[in-house]
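Okay, so here's the structure we're looking at.
The values are calculated or read from the model by the stated rules, or taken from the named source; none is laboratory data. Treat the numbers as computed from the prediction; the structure is a model and nothing was measured. All Cβ positions, glycine included, derive from the backbone under ideal geometry; neighbour counts span all protein chains shown. Just so you know, the surface numbers come from the protein's heavy atoms only, side chains and all, with ligands and any DNA or RNA stripped out. Shrake-Rupley method; radii C 1.70, N 1.55, O 1.52, S 1.80 Å.
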Amino acid sequence: MDDPRARLAERIAGEVTLSDEPGETLRKWRTDFEISQTDLARELEVSPSVVSDYESGRRASPGSELVARFVRALLAIDERRGGEHARQFARVLSAGFDSDVVLDLREYSRSVPLAQFYEHIGATEVVAGDRSAISGHTVIDSIRAIAELPSEEFYRLYGQSTNRVLGFTNVTRGESPLVALRVVNPKPNAVLLCGIEESDLWEHAPDLARRDGVSLAVTPLEPEALRARLREFP
């Protein structure tokens, strides 16, 4: 029988093991699960400085045994908290995407500052959100996504984590994406409206973003130019 938690554990372990920066990848998954270094260290029965040293690269790359313990610790802590993060990740592990809806989706090997993402693509942040780092991005055609995906299917757009930028192309003022996200939980860290300037933005969009604690940004880049920039990030 297919075990989503086992598949998730295998995915995390594989990503850490194959990463060029395993410490950063360890950090990314820990923060994606919203677990502090102290709580993880307690579960692993080590000092917080040990976790910090691995994440910063001050210690040698973790071996397979430590990676396995790390994964088990993440899942154990999450399960005690209700298991929402594991369920969320498991739901989307094998989700398929229509290329006409999802134009680009990528997971990063480490968490990166949202400001760095915006700077790379020349985006203007209109509203600052509650979270300042991301672990990936998804760019979708807003018209097709809103027309074809019911709200519960939006989980598929998040890839491995909601700690990401969700970019919308084919927008004029940003009304539809911001309204659609009002009924979606959990929210992405940031919403990027592509192909428009700040002066084009729907007047109520900033207020809706603030209510949800989501960063809101705009970029004049059209889809192909945006995808070209994203191929070079991070």
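The modelled label-to-label distance between D53 and T172, using points 7 Å beyond Cα along the C-beta direction, is 6.0 nm. Specify the residue with the greatest mean-square fluctuation among V101, V127, V183, computed from a Gaussian network of the chain linking alpha-carbon atoms under 10 Å apart. Among V101, V127, V183, the largest mean-square fluctuation in the Gaussian network model of the chain belongs to V183. A quarter of the convex hull surface defined by the alpha-carbon atoms of segment 1-94 gives 6.0 nm² as the mean projection. Spin-label model, R81 to Q116: label points 7 Å out along the Cα-to-beta-carbon direction sit 2.3 nm apart. Couplings for segment 129-136, taken from phi via the Karplus curve 6.51 cos²θ - 1.76 cosθ + 1.60 with θ = phi - 60°, read x, 7, 10, 10, 10, 9, 10, x Hz in order; Gly and Pro are left as x. Only protein heavy atoms count here; under a 1.4 Å probe, H204 has an accessible surface of about 90 Å². The convex hull defined by the C-alpha atoms of the chain has an orientation-averaged projected area of 12.9 nm². Taking Cα atoms only, the orientation of helix 64-80 departs from the longest principal axis of the chain by about 60 degrees. For I140, the amide hydrogen comes within under 5 Å of the amide hydrogens of L103, G167, F168, T169, counting only partners 5 or more places away or on other chains and with H modelled in the peptide plane. The accessible surface of the chain, taken with every protein chain in place and a 1.4 Å probe, is 46 percent carbon and sulfur. Each other residue within a Cβ distance under 9 Å of R173 adds +1 if Lys or Arg and -1 if Asp or Glu, for a net charge of -3. A cut-off under 14 angstrom between Cβ atoms defines the neighbours of S52, and their net charge, with Lys, Arg +1 and Asp, Glu -1, is +1. Determine how large the accessible area of S49 is when every protein chain is in place; take a 1.4 Å probe and give Å² rounded to the nearest 10. For S49, the solvent-accessible surface is approximately 70 Å². On a per residue basis, segment 105-221 carries 40 Å² of accessible surface, using protein heavy atoms and a 1.4 Å probe. In loop segments of segment 155-205 as defined by DSSP, the trypsin sites (Lys or Arg not before Pro) with at most 15 further C-beta atoms inside 10 Å of their C-beta are R173, R182. Using the Cβ-Cβ distance between E232 and R42 with R0 set to 45 Å, the FRET efficiency from 1/(1 + (r/R0)^6) comes to roughly 0.70. If the segment from T17 to R211 were pulled out straight at 0.36 nm per residue, it would be longer than the present Cα-Cα gap by 66.0 nm.
Loop-located GluC sites (Glu not before Pro) across segment 193-234 with a Cβ neighbour count of 14 or fewer within 10 Å are E197, E203, E232, with loop assigned by DSSP.
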